[in-house]
1. Work out how much length residue 139 to residue 38 would gain on full extension: take 0.36 nm times their residue separation and subtract the Cα-Cα distance, in nm to one decimal.
2. Using Cβ contacts closer than 10 Å as the measure, can you line up 53, 76, 31 from fewest to most?
3. Would you mind ranking 141, 68 by Cβ crowding within 10 Å, fewest neighbours first?
4. In degrees from 0 to 90, rounded to the nearest 10, what is the angle of the helix 2-21 Cα long axis to the longest principal axis of the chain?
5. Starting from the 7 Å offset along Cα-to-Cβ, what nm value, one decimal, do you get for the label separation of residue 152 and residue 131?
6. Rounded to the nearest 500, what is the chain's calculated 222 nm mean residue ellipticity when only DSSP H runs of at least 4 contribute -39500 (n - 2.57) each, over all residues?
7. When the chain is modelled as a GNM with alpha-carbon springs shorter than 10 Å, which of 146, 85, 77 fluctuates the most?
8. What would the Debye equation give as log₁₀ I(q)/I(0) for segment 62-105 at q = 0.21, 0.27 Å⁻¹, counting only Cα atoms as equal point scatterers?
């Protein structure tokens, strides 16, 4: 009888403490790298391709488990070096319906990368509960957000930068 009560108490304690020890949800968000100036759906420039490879080097060390990108060439090309390196598919999302992908990302485990645009990334940071800071300038391609959602729901935002292209 006493043994059963002890085991029940131990099991209950484990259930109560599980959220405390759960791994945080870490999401990295960035704008696409440098793009060509012309065309409706431009590709990355050589500098943008180099920045995308640099992003893969940086995030290759954190164990990214899923990658999301809008459907434009420049965002997919920014995500692709990391996706190839990690053996992942780039999952496309509709930037006009950000709540859908944000809810999906919040339910995932493991580090996630999301590649978007200067006018969508800050809003997505906010939707995750983070602090985006100043707007992203048209000529700014190096901002990388790390939004960490703790098991207790707390959110921290760190603004990093990607390496400039050589």
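Taken together, the values in this text are just the output of simple stated rules run on the coordinates, not laboratory data. Just so you know, these numbers come straight off a predicted model, no measurement behind them. Cβ: placed from backbone, ideal geometry, glycine included. Neighbour counts: every protein chain shown.
1. Details: separation 101, 0.36 × 101 = 36.36 nm, distance 1.48 nm.
Net length gain for the segment: 34.9 nm.
2. Numbers: 53 17, 76 20, 31 25.
Lowest to highest Cβ neighbour count: 53, 76, 31.
3. Values: 141 26, 68 23.
Neighbour counts put them in this order, fewest first: 68, 141.
4. 20
5. 1.8
6. Numbers: 5 runs with 64 residues, N = 166.
Calculated at 222 nm, the ellipticity per residue is -12000 deg cm²/dmol.
7. Among 146, 85, 77, the largest GNM mean-square fluctuation belongs to 85.
8. -0.68, -0.98
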